[in-house]
Amino acid sequence: MKDADVAVLYGYFRSTAAYRVRIALGLKGLRAEQKFVHLRKGEQTQAAFRWINPAGLVPYWVEGDFSLAQSLAIIEYLDETHPEPPLLPRNPRDRAIVREIALAVCCDIHPIGNLRVLNRLTELGIDDAARAQWSKHWIETGFEAIEARLAQLPGPFAFGAQPTLADICIVPQVFNAHRFDVDLAPFERIRQIEAAAFNVEAFVAAEPGRQPDAE
């Protein structure tokens, strides 16, 4: 594994956004120093981390005097600076389809089920069972749309025989789906992607349970 120019990745083992970046690093054969921000303990809201990333979110990428937030921005930066193997197809239309799938996860599912949203629901008096149903509902709704798109595309990955940005986003969201007891039986292509991914070391090594900060 090559060092990604002595970069630091701030993350949390169960953050699906940080999980995406770990997969991308593995696919590129890169490594970065990992620093851990315990989201459940609220370390992301403390002044020490807010000084690093004012948004108080992970992942966060620091490479010398260059820093970058947002998992998709980090992954596309890695893809452009380390172009092999590519994470996006060369054809503009194919590339747009892969980005569409990735964005369906990152814009339509993830933001309304992440920790700060769930915490806000608690503040508004929503109990744990209702919060879990909230997350389950939006994962299922998002997966229905993604599955319909995937049904038009070749497998075993989202867009053929090699993993792309779409798979990097889907697999962590499947991890969350398992956490919230989503029935994946209706999502044949998504299950196919999950099975294919866990034959690839980059996906296996990035699993939350394998991280040094896992609990």
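The values are calculated or read from the model by the stated rules, or taken from the named source; none is laboratory data. All of these numbers come straight from a predicted model, not from anything done at the bench. Glycine also receives a Cβ, built like all others from the backbone with ideal geometry; neighbour counts cover every protein chain displayed. Side chains are part of the model used for accessible areas, which takes the heavy atoms of the whole protein and leaves out ligands, DNA and RNA. Shrake-Rupley method; radii C 1.70, N 1.55, O 1.52, S 1.80 Å.
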Review point. Looking at the stretch 18-30, which of its residues are of a type outside the set (D, E, K, R) and touching a Cys at 6+ places or on another chain (Cβ under 8 Å)?
Key: none
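Yes/no per residue for (1) out of contact with any Gly (no Cβ under 8 Å at 6 or more places or on another chain); (2) open to solvent by less than 20 Å² (accessible area, probe 1.4 Å); (3) among the basic types (Lys, Arg); (4) on the phi < 0 side of the Ramachandran plot:
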site: TYR12; (1), (2), (3), (4): yes, yes, no, yes
site: VAL21; (1), (2), (3), (4): no, yes, no, yes
site: HIS38; (1), (2), (3), (4): yes, no, no, yes
site: PRO54; (1), (2), (3), (4): yes, no, no, yes
site: ALA69; (1), (2), (3), (4): yes, no, no, yes
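Restricting the search to the stretch 88-118, which residues are acidic (Asp, Glu) and under 16 Å from the mean Cα position of the chain (by Cα)?
If the condition is that a residue be acidic (Asp, Glu) and under 16 Å from the mean Cα position of the chain (by Cα), then GLU100, ASP108 are the ones that fit.
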Study note, to complete from the structure: When GLU80 is run through (1) open to solvent by 70 Å² or more (accessible area, probe 1.4 Å); (2) more than 30 Å from PRO154 (Cβ to Cβ); (3) outside any loop (DSSP other than H, G, I, E, B), the failure sits at (2)
Check your understanding: Do we find a residue being modelled with pLDDT of 95 or more and more than 24 Å from VAL204 (Cα to Cα) anywhere in the stretch 79-88?
Key -> no
Exercise for review: Among the candidates HIS110, HIS137, single out the residue that is open to solvent by 70 Å² or more (accessible area, probe 1.4 Å), modelled with pLDDT of 95 or more and assigned to a helix (DSSP H, G or I).
Suggested key: HIS137
**Study point:** Residue ID - farthest from GLY155 (Cα to Cα), chosen from residues in the stretch 183-215 that are outside any loop (DSSP other than H, G, I, E, B), of a type outside the set (Lys, Arg) and open to solvent by 40 Å² or more (accessible area, probe 1.4 Å)
**Key:** GLY209
Practice item. Select, from ALA96, ALA73, the only residue that is open to solvent by 50 Å² or more (accessible area, probe 1.4 Å), farther than 22 Å from GLU201 by Cα, part of a helix (DSSP H, G or I) and modelled with pLDDT of 95 or more. Key: ALA96
